[in-house]
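Report on the structure given below.
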Amino acid sequence: MDDDNMPSVAEKPSGSACVARWAGTSGFVLPTIALAIYPIWSFPGTQTSGTEVALWAAAHHDRLVVTMLLNTVGVTLWLVFGAAVWTFLRDRLPARSTLPTCFAAGFIGCVVLLLGGFTAFDLLLYRHHEAENSTLLYDLTFGLLAMSGMPTVVALGSFAVAVYVHRVLPRFTAHLAIAGAAVHPLLLAAFIVHDGPLSLEGFSITGMPAFLFAWILGTALAMPPEAQ
């Protein structure tokens, strides 16, 4: 590859690797602690009535508030992690490559939709709601989480191509990204399937994000000690 096609900032450390390492690790740890406080797979299923959802939210209010606080801080750190990874890719890929921009756009879209889902759930916890409103807010929460799957595909797919083609990080990070990109489109089934693992509050919504979490932690730990 011609050196003239590489950005000049790649010749000296930028600090992006260090930022990606701590932000990604912290962004993994905080939601993991939240799972220990109240695991998302214990949330009411798709066919739960609005009255039952309202009673459940009231009964577990304090634990759910702490869980959402940890999740919100953790996912907000993903913005820092994504910015650092974008900088890392930008400094190492050819100047005209669209891969860093596609990664950034997809990752921002994912995080914004996740935070939107958290907002709907926070409103469910904010005060007691009637059955109809409880169902709406609960479904909106998981609907936004499901919709975040598509921008996640864009982000992880772009990252994987960058690693496979330009070898800017160990290949296992691209393997993790491809696995995450492959499963996240299944989240769209939540808008079609009305019951079972692929439904709106089914296993797919709680299980598929594990691939994204694995990629975040793996990529954070794979960052070199210094930007090179």
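The values are calculated or read from the model by the stated rules, or taken from the named source; none is laboratory data. The structure presented is a predicted model; accordingly, all values stated were derived computationally and were not measured. Counting neighbours? That spans all protein chains shown, and the Cβs are built from the backbone with ideal geometry, glycine included. Accessible surface areas use protein heavy atoms only, side chains included; no ligands, DNA or RNA. Shrake-Rupley method; radii C 1.70, N 1.55, O 1.52, S 1.80 Å.
For the pair residue 48 and residue 210 in one chain, pulling the backbone fully straight at 0.36 nm per residue adds 55.9 nm over the alpha carbon distance.
Take the chain with all the other protein chains still there, run a 1.4 Å probe, and you get 48 Å² of accessible area per residue.
With Rh defined as the Kirkwood radius, the inverse of the mean 1/r over Cα pairs, the Rg/Rh of region 34-90 is 1.20. In this label model, residue 175 and residue 58 are separated by 5.1 nm, measuring between points 7 Å along each Cα→Cβ vector. Reported value for the chain: 103 Å³ per residue, from the convex hull of its C-alpha atoms.
Using only Cα atoms and rounding to the nearest 10 degrees, what angle (0 to 90) does helix 171-183 make with the longest principal axis of the chain? The helix 171-183 is inclined about 40 degrees to the chain. Mean residue ellipticity, 222 nm, helices only, the chain: the sum of -39500 (n - 2.57) across DSSP H runs of n ≥ 4, divided by residue count and rounded to 500, is -23000 deg cm²/dmol. Counting only alpha carbon atoms, the long axis of helix 99-126 and the longest principal axis of the chain meet at about 20°. Put the Cα centre of region 123-180 next to the Cα centre of region 11-56 and the gap is 11 Å.
Does anyone have the angle between helix 209-222 and the longest principal axis of the chain? Alpha-carbon axes, 0 to 90°, nearest 10? It works out to around 30 degrees.
Positive end of the dipole of the chain (Cβ unit charges, origin at the Cα centre): among 121, 145, 131, the Cα lying farthest that way belongs to 145.
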